[in-house]
Amino acid sequence: MTLPSLLAQTLTSYCATPGTAVHVVEVGGSSVQSAIFEAGVVTFVDGPVPEASGEGYAFTSPGLVIDGRVWGATQVGWDDIDAWRELGYRRRPDVSMNDAEAAALGEWLLREERPNSLLYAGIGTGLGGAMIIDGEVVPVDLSHQLGFGDSLCDGCRKGCLNAQIGGQYLPTDLSQHDKRRIVEQLATGINGARIPPHTVVVLAGGLVRRSHPDLVGALREQLDGVFAVEASAAPKAAKSAAYVGLFERLTEVRRAEAPARQDT
Ligand SMILES: [Zn+2]
């Protein structure tokens, strides 16, 4: 499933004028990918597409993301930057959000059976963590949770979980020993995050999806009897499930802008 059908329908009505498209841009530590929705179909392309701003666009990146401005995305080299300008856009995005939060929302939306609570843990150049409860993004203390040793994180400058298992802090080739340590420390972080019982944990991120999908099974074993662990529901072509979360937020913005339209 590329998009939940209800979301695809809403997006289609969003682009009511033939030939218009909406798109979302996902910036990560290693690459930028856009997802374009046009005539009911999602197409993934490399890089931003500022020339296709169409009827709207959304943007996501690591760090604190507010109204297209980004703070503390050390893996991208962005701190207090108008990211949309950096990407060549002439106007602010209609929607912008943190990448782990967008991916968590996307993972939740892509599931046939949506759990009451879902914890997203994404290992890419960094460790991203986000929580969805009843369809809403809520704060969770995962990637910068403290108590994981003396190695300092570029972001919080403390010995957090990200400094142990974020991709930029890991060796290029992971040994079995490295993988065991990643899974054990991540499980400790999840158990320490005070999340509700019956939360579904989704382990994804570029490092897991592209290079080490076996980490999902290893974490499942480690958390056996405590939390269910699932792999990403995003299609292979997508960088992550973030595009789904961004498209959903775009439709919410449109809905809020034009409440009268819903009745006609
Ligand atoms: Zn940190």
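The values are calculated or read from the model by the stated rules, or taken from the named source; none is laboratory data. In this text the structure is predicted, and so the values were computed from the model without any measurement. Here the Cβ positions follow ideal geometry from the backbone for every residue, glycine too, while neighbour counts run over all protein chains shown. Calculation scope for accessible area: heavy atoms of the full protein, side chains included, ligands and nucleic acids excluded. Shrake-Rupley method; radii C 1.70, N 1.55, O 1.52, S 1.80 Å.
Miscellaneous remarks
- Checking each residue in region 9-48 for being open to solvent by less than 50 Å² (accessible area, probe 1.4 Å), in a helix (DSSP H, G or I) and not hydrophobic (A, V, I, L, M, F, W, C) picks out 10, 14.
- Only a single criterion out of (1) open to solvent by 70 Å² or more (accessible area, probe 1.4 Å); (2) under 18 Å from the mean Cα position of the chain (by Cα) is not satisfied by residue 208, namely (1).
- Of all residues making up region 49-81, the number that are farther than 22 Å from residue 123 by Cα and open to solvent by less than 20 Å² (accessible area, probe 1.4 Å): 5
- Within the option set 203, 219, 215, being part of a strand (DSSP E or B), modelled with pLDDT of 95 or more and crowded, with 22+ Cβ neighbours inside 10 Å holds for one residue only, 203.
- The set of residues from region 173-195 being part of a helix (DSSP H, G or I) and not β-branched (Val, Ile, Thr) comprises 176, 177, 178, 179, 180, 181, 184, 185, 186, 187, 189, 191.
- Residue satisfying all of: in region 139-178; in contact (Cβ under 8 Å) with a residue 24 or more places away in the chain and open to solvent by 30 Å² or more (accessible area, probe 1.4 Å); farthest from the ligand (Cβ to nearest atom) among these: 140
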